[in-house]
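The values are calculated or read from the model by the stated rules, or taken from the named source; none is laboratory data. Computed from a prediction, not measured in an experiment: that's the story for all the values here. Every residue, glycine as well, gets a Cβ built from its backbone with ideal geometry; the counts of neighbours run over all protein chains shown. When the accessible area is computed, the model is the full protein with side chains, heavy atoms only, and any ligands, DNA or RNA have been set aside. Shrake-Rupley method; radii C 1.70, N 1.55, O 1.52, S 1.80 Å.
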Amino acid sequence: MKLTRKMVLSRAKASELHSVRKLNCWGSRLTDISICREMPRLEVITLSVNSVSSLEPVSWCRQLSELYLRGNCIPSLAELRHLQGLPHLRVLWLAENPCCGPDPHRYRMTVLRNLPRLQRLDNQAVTEEELSRALLEGEEVMAPSREGTGNGQTELSYTLSTMSATAETHGDPLSYSEEEASNVQGQLGLKPPARDRAPSFSQREAVSGRKNRSNVLAAILLLLQDLDAEGLEAVHQAVLGQLQALHRRDVQEDMD
């Protein structure tokens, strides 16, 4: 069933789509929510217990802060890509969808890695510890690419980055490439860190360690963009303290 203009205006008790801020369509047998593209001021929408399979229409709701999708037909966590451009999204309920898979921990870590601004996921508060772990244990949703289909049309195709024992990263759970990390740093006007000289341990461990550092730095730089002046000042003071501690350690090692 398609969500229609008449249904929206009736349930939201509104006269125009662009003025709708809250909408409850729980258990309405919906499969098509494309009309969401016409509701830019939508802040809260309940779509639980329907048959929605794509989140693309929701990506147009730039003011959205709460999205309830429990018990739908979202096929893949790749659909999270459509939510990454929603700066105000803080509450997401995605449980009981095919995309959740058999591993609850992997599912939660992947969602939080790709949507780090969330404050509640599946009716459970998000902790700082979880966000830190998600950077290491979650999977990154890759950028979309255009692929032709059998009927000659094109559709957005998304994939999750996966790690294996034979992958180039040798089991490194972070999926930022060094090139991606450098790009993030470049966008923020920062120089990428100099590469370490060849260490004494194996080359594989050296590459993995360098990639870890680049990925963590890239993630931190991205998070900095969400901080206000007070938050940035706190980070600045913490960085100064850490630099001083490292300097004292270096001096002590030289003396020894």
Among (1) at pLDDT 55 or above; (2) touching a Phe, Trp or Tyr at 6+ places or on another chain (Cβ under 8 Å), PRO144 falls short only on (1)
Number of the exception - ILE33 against (1) touching a residue at least 12 places away in the same chain (Cβ under 8 Å); (2) open to solvent by 30 Å² or more (accessible area, probe 1.4 Å); (3) not basic (Lys, Arg): (2)
Subset of the stretch 45-94 (residues that are among the acidic types (Asp, Glu) and either closer than 19 Å to PRO116 by Cβ or touching a Phe, Trp or Tyr at 6+ places or on another chain (Cβ under 8 Å) (or both)): GLU66, GLU79
List every residue pair whose Cβ atoms sit under 9 Å apart, with the two residues 6 or more apart in sequence or on different chains, where the first one lies in the stretch 129-140 and is under 14 Å from GLN119 (Cα atoms) and the second, anywhere, is modelled with pLDDT under 95 and surrounded by fewer than 17 Cβ atoms within 10 Å (Cβ to Cβ). LEU131/LEU223
Scope the stretch 10-30; condition surrounded by fewer than 16 Cβ atoms within 10 Å (Cβ to Cβ) and over 19 Å from LEU69 (Cβ atoms); matching residues: SER10, LYS13, SER15, GLU16, HIS18, SER19
Single unsatisfied condition, ARG249 versus (1) modelled with pLDDT under 70; (2) over 31 Å from the mean Cα position of the chain (by Cα): (1)
The stretch 55-79 residues that are among the small types (Gly, Ala, Ser), paired with ones that are modelled with pLDDT under 95 and crowded, with 23+ Cβ neighbours inside 10 Å (beta carbon under 9 Å, 6 or more apart): ALA78/VAL141
Going by the conditions given, is LEU112 crowded, with 20+ Cβ neighbours inside 10 Å, outside any helix (DSSP H, G or I) and either in contact (Cβ under 8 Å) with a residue 12 or more places away in the chain or under 14 Å from the mean Cα position of the chain (by Cα) (or both)? no
What about LEU118, is it closer than 26 Å to PRO40 by Cβ, open to solvent by less than 40 Å² (accessible area, probe 1.4 Å) and either assigned to a helix (DSSP H, G or I) or at pLDDT 95 or above (or both)? yes
Filter the stretch 56-66 for residues that are surrounded by fewer than 22 Cβ atoms within 10 Å (Cβ to Cβ) and of a type outside the set (D, E, K, R); the one that is nearest to ASP122 (Cα to Cα) is SER65
LEU94 vs (1) under 23 Å from GLU16 (Cβ atoms); (2) buried (at least 18 other Cβ atoms within 10 Å of the Cβ): all pass except (1)
Select, from VAL8, VAL44, VAL20, the only residue that is more than 24 Å from GLN124 (Cβ to Cβ) and either in contact with a Lys or Arg (Cβ under 8 Å, 6 or more places away or on another chain) or of a type in the set (Phe, Trp, Tyr) (or both). VAL20
